[in-house]
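The values are calculated or read from the model by the stated rules, or taken from the named source; none is laboratory data. This is a predicted model, so every value here is computed, not measured. Reconstructed Cβ throughout: ideal geometry from the backbone, glycine too, with neighbour counts over all protein chains shown.
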């Protein structure tokens, strides 16, 4: 597991980024690590009380956030609540709603959406516990809780609470033999 930095007060920006760096195998070039580092910087700069002093940091954050969003396809706004040592396994099509809550030591894979279940309920966000793994293409939607040590399988659409230690998986693929496919395919569909 990764090295934990003990402290009686909340860790600062540098300590948090160091923990994320260690959790990501000491590879600063990973897009997931970069996205989390930009997120940490965005949260840190909001601690600067003077708006005037915060302005240059906000300018830098906005440029970095857009770079991560547009080049790595990871939307991780500073308004989320993200725990320590978050790992983003692969970049691409990852969306965190601005009010999402994610615990410590979580692993998020590509194509994951953590957000609202509808426009009418845009303010209702999921709360993800500690040490949760979320598989590729999964969606965690609405005002739900995912307990500690839970696993969300690839392509699962989770809209209800997941107890601690449980697994939420998508339905397995149904295999249709090639002969049955040819017999049931309409002629118009086969010419497309």
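Assorted remarks:
- Residue match in region 95-108 (condition: more than 24 Å from residue 14 (Cβ to Cβ), part of a loop (DSSP other than H, G, I, E, B), out of contact with any strand residue (DSSP E or B) (no Cβ under 6 Å at 6 or more places or on another chain) and at pLDDT below 95): yes
- Condition check for residue 125: surrounded by 14 or more Cβ atoms within 10 Å (Cβ to Cβ), in contact with a strand residue (DSSP E or B) (Cβ under 9 Å, 6 or more places away or on another chain) and modelled with pLDDT of 95 or more: no
- Residues of region 166-192 satisfying the condition of being part of a loop (DSSP other than H, G, I, E, B), closer than 28 Å to residue 111 by Cβ and at pLDDT below 95: 169, 170, 171, 172, 173, 174, 175, 176, 192
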